[in-house]
Each structure stands twice: as structure tokens, then as C-alpha cells.
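Worksheet: one structure, shown below.
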Amino acid sequence: MPCENDSWDKYTTMGMCENCDLCLKNCPTGAIANDRFIIHTDKCITLHNGSNEEFPKWLNSKCHNSIRGCMCCQLICPANKNYIKNIEDFAKFDDCETRMILSKTQLDELPQITYKKLESINFIEYYNLLARNLNVLIGYRH
Ligand code: SF4
Ligand code: SF4
């Protein structure tokens, strides 16, 4: 987009990227360019599992690793080493809740407690994606 004042600095990567290509090697879809600066979003799982469109045919189901988004490049990055443990345990879904989600039970038909759990992990907005994404993960792991 044209801007009158272009105050962007030249792009740069972190110093520790100089001799590292762990994110590039760990990206299941090859979305990270060799310079480790550009991410080809059309190849990034995060785009596809957050979209209502069908998964593209080229996307191997074994690449899926998360219900929403993808953490493969983040988890491997040494710069995240001290932060990656900051996982908050918001909600756990039992078998019954999981079955309801997988069978695409309407949001307004879910028990209130299940609805609240979904709300606590910001999944109300993405609820229509949840069954599809969960199914592809279960299919991969079993
Ligand atoms: S894994 Fe982290 S440190 Fe290594 S190249 Fe990628 S962004 Fe840089
Ligand atoms: S989020 Fe996943 S698919 Fe996207 S660039 Fe990172 S590792 Fe690759």
C-alpha cells in the first residue's frame, strides 16, 4: 500500500537466526523461505485451519499438529526457550463433550459448562472449524 512517508527500516532477522535454520527445517509445509524472514502464508497451516474453506489437496493430513494454528516453528526456536513453558491450563473437555463437538452439536445446544470452556479458549468464533480440525488430528494420531 503506498504511503507518503516510508519510515520502515530495512528488514532484519534476529542475530541468533544467523546460524540457525531450525524453524525452516521444522515447518511441515515448507512455508518458511530460506532467509527465514518471509513466511509464505498460502502454505502456512495457520491460514488453512482457521479458514472455512476445505483444506487444500496438497496439505498432507500428517502436517496438522494443532486444533487451531500451528506451533512447529515456534516450539523449535531457541529464542522461545524460556517462554514456551508458559502454558496455561484453561479447559479440559471430557469424552462426552468431545463427542458433542465432533458431531457438530450446535453451540446453543451445548451444556453451559461446555460453552463456557469454549469461551475461555476463544473458540466460540471458531466453533464451526472445531469438528473438522479435531477430526483431522484424531485421524492422524490413531
Ligand atoms: S528457529 Fe528461531 S532463531 Fe532459528 S532461524 Fe528460526 S526464528 Fe531464527
Ligand atoms: S506456523 Fe507451522 S506451517 Fe506456518 S510457518 Fe510455522 S511451522 Fe510452518
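Read-outs: derived from the displayed coordinates by stated rules, not from any lab. Values in this document were obtained by computation on a predicted structure and should not be read as measured data. Glycine gets a Cβ as well: all are built from the backbone with ideal geometry, and neighbour counts include every protein chain shown.
Taking a Cβ-Cβ separation under 4.7 Å as the criterion for a possible partner, which cysteines of the chain have none?
CYS3, CYS17, CYS20, CYS27, CYS44, CYS63, CYS70, CYS72, CYS77, CYS96
Sorted by average packing, counted as other Cβ atoms within 10 angstrom per residue and highest first, what order do 92-99, 19-26, 62-69 take? Walk me through the numbers before you get to the answer.
Values: 92-99: 11.2, 19-26: 14.2, 62-69: 16.1.
Per-residue mean Cβ counts within 10 Å order the peptides as 62-69, 19-26, 92-99.
Taking Cα centroids, how far is region 84-110 from region 27-42 in Å?
Rounded to whole Å, the Cα centres lie 31 Å apart.
Rg/Rh for the chain: what does it come to with C-alpha atoms and Rh from Kirkwood?
Numbers: Rg = 18.4 Å, Rh = 17.7 Å.
Over the Cα atoms of the chain, Rg/Rh equals 1.04.
Could you give the nm distance between label points at GLN106 and ASN122, where each point is 7 Å from its Cα heading toward the beta carbon?
Distance between the two pseudo-spin positions: 2.8 nm.
So, with +1 on the Cβ of K and R and -1 on the Cβ of D and E, and no other charges, what is the size of the charge dipole of the chain about its Cα centre, to the nearest 20 debye? Don't jump to the answer; show the numbers that get you there.
Numbers: 16 positive and 18 negative charges, 127 e Å.
For this selection, approximately 620 debye.
Please compute the length gained on full extension between ALA33 and SER66, using 0.36 nm multiplied by the number of residues separating them and subtracting their Cα-Cα distance.
On the way: separation 33, 0.36 × 33 = 11.88 nm, distance 2.19 nm.
Contour length minus Cα-Cα distance gives 9.7 nm.
Please give the FRET efficiency for ASN86 paired with ALA131, using the beta carbon to beta carbon distance and R0 = 35 Å, rounded to the nearest 0.05. Could the numbers behind the result be given before it?
Numbers: r = 29 Å, r/R0 = 0.82.
It comes out at approximately 0.75.
What FRET efficiency would be calculated for the residue pair ARG99, LEU75, taking the C-beta separation as r and a Förster radius of 22 Å, to the nearest 0.05? Each step should come with its number before you reach the end.
Numbers: r = 29 Å, r/R0 = 1.32.
Using R0 = 22 Å, I get an efficiency of 0.15.
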